Amino acid sequence: MWLFLGDLAYAAEQEKRQRIEQVASDYARSQAGEGKLDIRARLPDSRLSLPRCKDTPVASAARYSQRMQVRVSCPGSWALYVPVTISQQKQLVVLNRSLASGEIVSASDISLRWQAVSDVGYGHFEDTEAVIGRRLARPVRAGQILRPNQLRQAFSVRKGDTVTLISRIAGVEIRSRGTAEHDAVENARVNVRNLSSGKRVQGYARGSGIVEVQG
């Protein structure tokens with residue numbers, strides 16, 4: 001077999017593992033279709049030693065999946081399989097600043113960040129409106145992804161708020177004003193001081209600023 005000087009130079013060089021991994025990654029991306037994806041191709045053996053391929057290595061796979069084996073080959077020289085993992089990325093809600101337990105999440109406290117869903121595990125938010133106004137059940141540091149078990153239901157009534165008292169007597173609705181004596185989530189009992197009579201009444205928080213007095 002005759003080898004030209006250029007061929008000898010290529011034979012003396014070693015194929016870079018980064019190029020092999022990139023070829024596998026590019027192939028997986030071409031098969032994945034549209035969408036923001038996190039694709040990771042990683043050769044298991046860092047000591048791999050292969051002659052440099054004169055042409056661009058060729059990639060193929062028997063089937064597409066989130067965990068696949070991509071065959072990368074140098075025609076007439078070598079071939080190997082590269083493990084590739086594919087994960088969809090989504091915009092998830094994260095904290096912009098650290099918050100203490102009991103603090104209320106505001107719009108300025110949160111933002112959306114692209115994240116590989118497979119790295120997050122179960123439980124996250126994709127909609128900022130789903131967390132605004134809710135209380136933290138424990139301290140959470142800035143940059144962390146917010147999870148459902150870190151949040152409590154938002155208060156429907158806050159201590160000191162002026163609320164509307166609604167009572168019904170014989171089918172007639174009577175409204176008055178009062179001051180809430182403590183925080184309460186929706187449908188929870190709350191004590192209110194009636195501003196007209198000065199009496200304390202007990203009712204149920206029904207939405208923002210509404211307390212229903214029964215009986």
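The values are calculated or read from the model by the stated rules, or taken from the named source; none is laboratory data. Fair warning: this is a prediction, and the values are worked out from it, not measured in the lab. Virtual Cβ from ideal backbone geometry, glycine too; neighbours counted across all protein chains shown.
Data overview
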read-out: Residue satisfying all of: in region 11-47; among the acidic types (Asp, Glu) and under 31 Å from the mean Cα position of the chain (by Cα); farthest from residue 73 (Cα to Cα) among these; value: 34
read-out: Verdict on residue 151 being touching a helix residue (DSSP H, G or I) at 6+ places or on another chain (Cβ under 8 Å) and over 27 Å from residue 37 (Cα atoms); value: no
read-out: Residues located in region 169-197, provided they are without any contact (Cβ under 8 Å) to a residue 24 or more places away in the chain and either among the charged types (D, E, K, R) or over 17 Å from residue 214 (Cβ atoms) (or both); value: 173, 175, 177, 179, 181, 182, 189, 193, 196, 197
read-out: Residue 27 modelled with pLDDT under 90, outside the structural domain of residue 145 (by TED's automatic domain parsing) and among the aromatic types (Phe, Trp, Tyr); value: no
read-out: Selection count, region 55-95, where residues are modelled with pLDDT under 90 and not polar (S, T, N, Q); value: 8
read-out: Hits in region 42-97 (condition: among the charged types (D, E, K, R), part of a strand (DSSP E or B) and under 30 Å from residue 133 (Cβ atoms)); value: 90
read-out: Residue within region 138-146 that is at pLDDT below 90 and either within 30 Å of residue 99 (Cβ to Cβ) or not assigned by TED's automatic domain parsing to the domain that holds residue 125 (or both) present; value: no
read-out: Test for residue 121: is it exposed (fewer than 12 other Cβ atoms within 10 Å of the Cβ), not polar (S, T, N, Q) and not assigned by TED's automatic domain parsing to the domain that holds residue 37; value: yes
read-out: Failed criterion for residue 129 (all others in (1) over 28 Å from the mean Cα position of the chain (by Cα); (2) part of a helix (DSSP H, G or I); (3) not polar (S, T, N, Q) hold); value: (1)
read-out: Residue 198, sole failed condition from (1) under 24 Å from the mean Cα position of the chain (by Cα); (2) farther than 24 Å from residue 100 by Cα; value: (1)
read-out: Scope region 126-150; condition basic (Lys, Arg) and surrounded by 13 or more Cβ atoms within 10 Å (Cβ to Cβ); matching residues; value: 134, 135, 147
read-out: Close pairs (7 angstrom Cβ cut-off, 6 or more residues apart or separate chains): without any contact (Cβ under 8 Å) to a residue 24 or more places away in the chain in region 153-167, small (Gly, Ala, Ser) anywhere; value: 160/180
read-out: Output for region 165-184, where each listed residue is in a strand (DSSP E or B) and exposed (fewer than 14 other Cβ atoms within 10 Å of the Cβ); value: 168, 169, 172, 173, 174, 175, 177
